[in-house]
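Everything on this sheet refers to the single structure shown next.
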Amino acid sequence: MRCPYCQVEDTQVKDSRPSEGGGVVRRRRSCGGCQARFTTFERVHIPELNVLKKDGRKVSFDREKLARSIRIALRKRPIAPEDVERMISELLNRIEGLGKSAIESARIGQMAMDMLQQIDSVAYVRFASVYKDFREPGDFRDFVKRLRPPETR
Ligand SMILES: [Zn+2]
């Protein structure tokens, strides 16, 4: 595993423990180059999972693409990178936990939006704007109007 800070390949696992009911293994790693510590999550990979697109095409599920779009939606939001990665793992587990060999892309998008809606409304709107392909400010306005009022903290 390459160090995300200095890109050195020499990193060591310091600690491994199951999390999220055993579906994921969380590993603490440390870098031999810059001494940074970081966490990785290991999860089950179901290779034959396909996505059914709106136009009827079937493509293999691109986990990294979904993870990337969630990271982008949460960029510069007040959520720790480790928490972002944990949420992505949970989402992927939930999708793979459906136990299907093919899932509609709309359902995956909805699951991602449901998760983001609970975490951060800005990230939710960002993700939805890409996913729902907003084209003009009015699309945002209509969408945001339907948001629940923010919970008081
Ligand atoms: Zn490093």
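Suppose each label sits 7 Å from its Cα in the direction of the beta carbon; what would the Val8-Phe143 distance come out to in nanometres?
Going by the 7 Å Cα→Cβ label model, 4.2 nm.
Please report, in debye to the nearest 20, how large the charge dipole of segment 55-149 is about its Cα centre when each Lys and Arg carries +1 at its beta carbon and each Asp and Glu carries -1 there.
Around 180 debye, computed over segment 55-149.
Under a 5 Å amide H to amide H cut-off, with H placed in plane at 1.01 Å, what residues pair with Asn50 once short-range neighbours are removed?
Under 5 Å from the amide H of Asn50: Phe61, Ala102, Ile103.
Kindly state, to the nearest 0.05, the FRET efficiency for Ser16 paired with Leu52, given R0 = 41 Å and r defined as their beta-carbon distance.
About 0.70, to the nearest 0.05.
So if each residue of separation counts as 0.36 nm, and I subtract the Cα-Cα distance between Ala106 and Glu64, what length gain in nm does that give?
Roughly 13.4 nm would be gained on extension.
Of all the accessible heavy-atom surface of segment 1-150, with the other protein chains kept in place and a 1.4 Å probe, what percent is carbon and sulfur?
Ligands and nucleic acids excluded, carbon and sulfur reach 49 percent.
Once you have the alpha carbon radius of gyration of segment 1-89, what is it after dividing by 2.2 N^0.38 Å, with N set to its residue count?
Here the Cα radius of gyration is 1.29 times the empirical estimate.
Tell me the relative contact order for the chain as a rounded percent, counting alpha carbon contacts under 8 Å between residues six or more apart.
Value for the chain: 16 percent.
Please calculate how many Å² of accessible area segment 1-113 carries per residue, with a 1.4 Å probe and no DNA, RNA or ligand atoms counted.
61
For a quick check: with amide H placed at 1.01 Å from N, whose amide H comes under 5 Å from Ile79's, ignoring anything fewer than 5 positions away on the same chain?
none
Only bridges whose two residues both fall in the chain count here: according to DSSP, what percent of them are antiparallel, nearest 5?
About 85 percent, rounded to the nearest 5.
Give the Cα extents of the chain along the principal axes, in whole Å, largest first.
Its Cα atoms span 51, 39, 28 Å along the three principal axes.
Using each residue's phi in segment 111-124, evaluate 6.51 cos²θ - 1.76 cosθ + 1.60 at θ = phi - 60° and report the 3J(HN,Hα) Karplus result to the nearest Hz, with x for Gly and Pro.
Once rounded to whole Hz, the list reads 5, 5, 5, 4, 5, 5, 4, 6, 9, 7, 5, 5, 4, 4.
Would you mind checking Lys65/Lys132; Lys54/Lys132; Lys58/Lys132; Lys58/Lys100; Lys54/Lys145; Lys53/Lys145 for any pair whose Cα atoms are more than 22 angstrom apart?
From the list (Lys65/Lys132; Lys54/Lys132; Lys58/Lys132; Lys58/Lys100; Lys54/Lys145; Lys53/Lys145), the Cα-Cα distance tops 22 Å for Lys54/Lys145; Lys53/Lys145.
How large is ³J(HN,Hα), in whole Hz, for each residue of segment 87-102 in order, when computed from phi with the Karplus curve 6.51 cos²θ - 1.76 cosθ + 1.60 and θ = phi - 60°, using x for Gly and Pro?
Working through the residues one at a time gives 5, 5, 4, 5, 4, 5, 4, 5, 5, 6, x, 5, x, 9, 8, 9 Hz.
The values are calculated or read from the model by the stated rules, or taken from the named source; none is laboratory data. Predicted model, so just to flag it, every value in this text is computed and none were measured. Positions of Cβ are generated from backbone atoms using ideal geometry, with glycine treated the same way; all protein chains shown enter the neighbour counts. With ligands, DNA and RNA removed, areas are computed over all heavy atoms of the protein, side chains included. Shrake-Rupley method; radii C 1.70, N 1.55, O 1.52, S 1.80 Å.
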